[in-house]
Each structure stands twice: as C-alpha cells, then as structure tokens.
Amino acid sequence: MKINIINGPNLNLLGMREKNIYGEKTYQDLHRQIKKYADKKNIDVSLFQSNIEGEIINFLHQSMHEKADAIIINAGALSHYSYAIRDAIASINLPTIEIHLSNIYAREKFRAKSVIAEVCIGQVCGLGFDGYILAMDFLCNKNKIAE
Ligand code: DQA
C-alpha cells in the first residue's frame, strides 16, 4: 500500500513553535516515527512538507498521477480556509484522512471549522503524533475489519 503524507505550513517548526500545544518533538522526529512504523507494516510511505499552498496542491495532483492508494494530510491553518486544497482533495478522488496534532475544537473558534473535513473520509485530532500512526493503521485495515 502506498500512502502519501502531507504536512502544511509551520509544521516544519515542530519542537520550536508553541511547545505547550505541539510538544517538544521535531518534524524530523515525526518523520522518523512514521517511517519506522511504515517499514514495520510494509507501507510504502512518502512524506511531504510545504509552507506553500500551491506546492501542496501540486503534490496532491502528483499523488493521483503516481497512483497512491491514500492520503494523510495535516494542512495546518490552511485546513480552516483553503477551498483550493479542499477542491484538490475532491478532484484526486483518493481516500484522505485529515490530521491535527492538537484538538482544534478546544482552541480558538476559527480552528473549529475545517473546510477540508467534508472531502475527507475522517479526521483524527488531538492525539499528537499517534494520529498519523492510527490513520495509517486504519487505511491498512479498512477493508478487512468488517469481513
Ligand atoms: C494544526 C492545527 C491548526 O489550527 C494550526 O494552524 C496548525 C497545526 C494541528 O496539527 O494541530 O498549524 O493543524
């Protein structure tokens, strides 16, 4: 299974930004943790981080062309207002899971609205790095659990 994982604006600053919310661990730690789990589960994972909306859209398009099986995306603040990312997710027609490290419903009001949620199969928020792992697990098992 090929899963493409996207992290949006400011997530490269994990471990430095608002540590009280996002913790001490860095983006490199997240990268390592995801790769380790993916290797264990035989998942072909590609990680992409960008602070630029258009680059994220291009990577979503590329994911469709290279026939990825699924997308896991933490679009950062873009989740709250980017109709362009929403349209890109809807256009590529790949099962997509939205991630937030923090609980966006327990923070400022503007964070409680995600414009990408409706085009994703589900959302994991507030569970920190584990959210990415749980999403990978779900995607691997999604057609097996009900059998
Ligand atoms: C975030 C939540 C967003 O509101 C914020 O803009 C981020 C990170 C999270 O992972 O909790 O950059 O997506």
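For segment 20-49, the set of residues classified as within 13 Å of the ligand (Cβ to nearest atom) and either open to solvent by less than 60 Å² (accessible area, probe 1.4 Å) or more than 17 Å from L134 (Cβ to Cβ) (or both) consists of N20, I21, Y22, G23, Y27, L30, Q49, listed by residue number. In this structure, does V124 turn out to be touching a helix residue (DSSP H, G or I) at 6+ places or on another chain (Cβ under 6 Å), within 15 Å of the ligand (Cβ to nearest atom), farther than 12 Å from N7 by Cβ and assigned to a strand (DSSP E or B)? Answer is yes for this residue. Among the conditions (1) open to solvent by 50 Å² or more (accessible area, probe 1.4 Å); (2) among the hydroxyl-bearing types (S, T, Y); (3) touching a strand residue (DSSP E or B) at 6+ places or on another chain (Cβ under 7 Å), the only one that S91 does not satisfy is (3). Restricting segment 103-122 to residues that are under 12 Å from the mean Cα position of the chain (by Cα) and under 15 Å from A77 (Cα atoms) leaves a set whose member that is surrounded by the fewest Cβ atoms within 10 Å (Cβ to Cβ) is A117.
The values are calculated or read from the model by the stated rules, or taken from the named source; none is laboratory data. For clarity, every value in this text was computed on a predicted model and none was experimentally measured. Heads up, the Cβs are rebuilt from the backbone with ideal geometry, glycines too, and the neighbour counts pull from every protein chain shown. These area figures cover heavy atoms from the full protein model, side chains too; ligands, DNA and RNA do not enter into them. Shrake-Rupley method; radii C 1.70, N 1.55, O 1.52, S 1.80 Å.
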